[in-house]
Amino acid sequence: MKTVDLVIFDCDGVIVDSEGLLNEIVAKSLTDHGLPISAEECHRRFVGGTMYILRDRAIEAGAKLPENWVNEIYAEIFERLRQGVDVSKGFVELIDNLEEHGVKIAVASNGPMDKMRASLGPSGLFDRLDGRIFSAHDHNTAKPEPKLLELAAQAAGVAIERAVMVDDSPAGVGAARAAGMRFIGYAEHGNEDKLTEEGADVVYSMLELKERLSAL
């Protein structure tokens, strides 16, 4: 890791295996509101954006959503996440290793901070990473815009060219490219096709990610 001083991770689908259950919740709600859709199709069509973007696209597709739908769906999601969600196997060992080698860690997500508190809290990761977690909702920006990644690098005191973004969505690819930052796609929990279509370098486990980072 001679050229890496900072690794920025997305949260859902990278640090935690939450995409499946989140899409089940959202798909059921959209179906109940007039847009029949499976969890798989929901993931394919809407992955990577904010819930507000998802809401707008769903309405365009025919969903009849109430004005407070985003708040309602987040309340349901938070309740489910508080019951526990699996951390990707090897993630804790990976960040232990990175920090032992002087590499800094950050999180940049399009989700709200409360959602990450719910998903990362039970494992202790929210407390461990507190102060290094950047939410689109707190900074009035969202991937694929580069600002979240730039803020994470600035806070860490690391030059953009010495940082790497790890994300499971095309939005992450776009943000890294716009920032001038290197990118590794994470496809353990899905999205391989979307990442490869974007020309991303893709890994399928935390062990493989460790090896890829070590080669940089």
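The values are calculated or read from the model by the stated rules, or taken from the named source; none is laboratory data. Note that the structure is a prediction, hence the values are computed from the model and not measured. Because the Cβ atoms are built from the backbone with ideal geometry, glycine has one as well, and the counts that use them run over all protein chains shown.
Can you tell me which residue in the stretch 143-172 is farthest from Gly13 (Cα to Cα), limited to those that are acidic (Asp, Glu) and surrounded by fewer than 23 Cβ atoms within 10 Å (Cβ to Cβ)?
Glu161
The residues listed here are Ala39, Ala75, Ala61; of these, the one that is of a type in the set (A, V, I, L, M, F, W, C) and more than 30 Å from Ser123 (Cα to Cα) is Ala61. If you go through the stretch 163-177 and keep only what is farther than 23 Å from Leu22 by Cα and touching a Lys or Arg at 6+ places or on another chain (Cβ under 9 Å), you end up with Ala163, Val164, Ala176. For Ala175, state whether it is among the hydrophobic types (A, V, I, L, M, F, W, C) and crowded, with 21+ Cβ neighbours inside 10 Å. Answer is yes for this residue. Inside the stretch 183-199, residues that are over 13 Å from Val14 (Cβ atoms) and either in contact with a Leu (Cβ under 7 Å, 6 or more places away or on another chain) or buried (at least 20 other Cβ atoms within 10 Å of the Cβ) (or both) make up a count of 1. Looking only at the stretch 37-53, decide whether some residue is modelled with pLDDT of 95 or more, among the aromatic types (Phe, Trp, Tyr) and surrounded by 17 or more Cβ atoms within 10 Å (Cβ to Cβ). The answer is no, given that none of the residues of the stretch 37-53 is modelled with pLDDT of 95 or more, among the aromatic types (Phe, Trp, Tyr) and surrounded by 17 or more Cβ atoms within 10 Å (Cβ to Cβ).
Residues of the stretch 13-36 that are at pLDDT 90 or above and within 16 Å of Gln83 (Cα to Cα): Val16, Glu24, Ile25. Contact annotation: residue pairs with Cβ atoms under 6 Å, 6 or more positions apart or on different chains, pairing a residue in the stretch 37-50 that is touching a residue at least 24 places away in the same chain (Cβ under 8 Å) with a partner that is of a type outside the set (A, V, I, L, M), are His43/Asn23; Val47/Ser169; Gly48/Ser169; Gly48/Pro170; Thr50/Asn110. Evaluating Ala27 against the criteria (1) in contact (Cβ under 8 Å) with a residue 40 or more places away in the chain; (2) of a type outside the set (Val, Ile, Thr); (3) in contact with a Cys (Cβ under 8 Å, 6 or more places away or on another chain); (4) assigned to a helix (DSSP H, G or I) leaves one unmet condition, (1). Do we have His33 as touching a residue at least 24 places away in the same chain (Cβ under 8 Å) and in contact with a Lys or Arg (Cβ under 6 Å, 6 or more places away or on another chain) here? Answer is yes for this residue.
Among the residues of this structure, Glu145 counts as one that is within 16 Å of the chain's Cα centre (by Cα), free of Cβ contacts under 8 Å to residues at least 40 places away in the same chain and either in a loop (DSSP other than H, G, I, E, B) or in the same structural domain as Asn71 (by TED's automatic domain parsing) (or both).
Which of the residues belonging to the stretch 41-82 are aromatic (Phe, Trp, Tyr) and either within 18 Å of the chain's Cα centre (by Cα) or part of a loop (DSSP other than H, G, I, E, B) (or both)? Before you say what the answer is, go through the steps one by one.
Start the filter on the stretch 41-82 by keeping residues that are aromatic (Phe, Trp, Tyr), which leaves 46, 52, 69, 74, 78.
Selection gives Phe46, Tyr52, Tyr74, Phe78.
For the stretch 203-216, the tally of residues that are surrounded by fewer than 20 Cβ atoms within 10 Å (Cβ to Cβ) and within 17 Å of the chain's Cα centre (by Cα) stands at 2.
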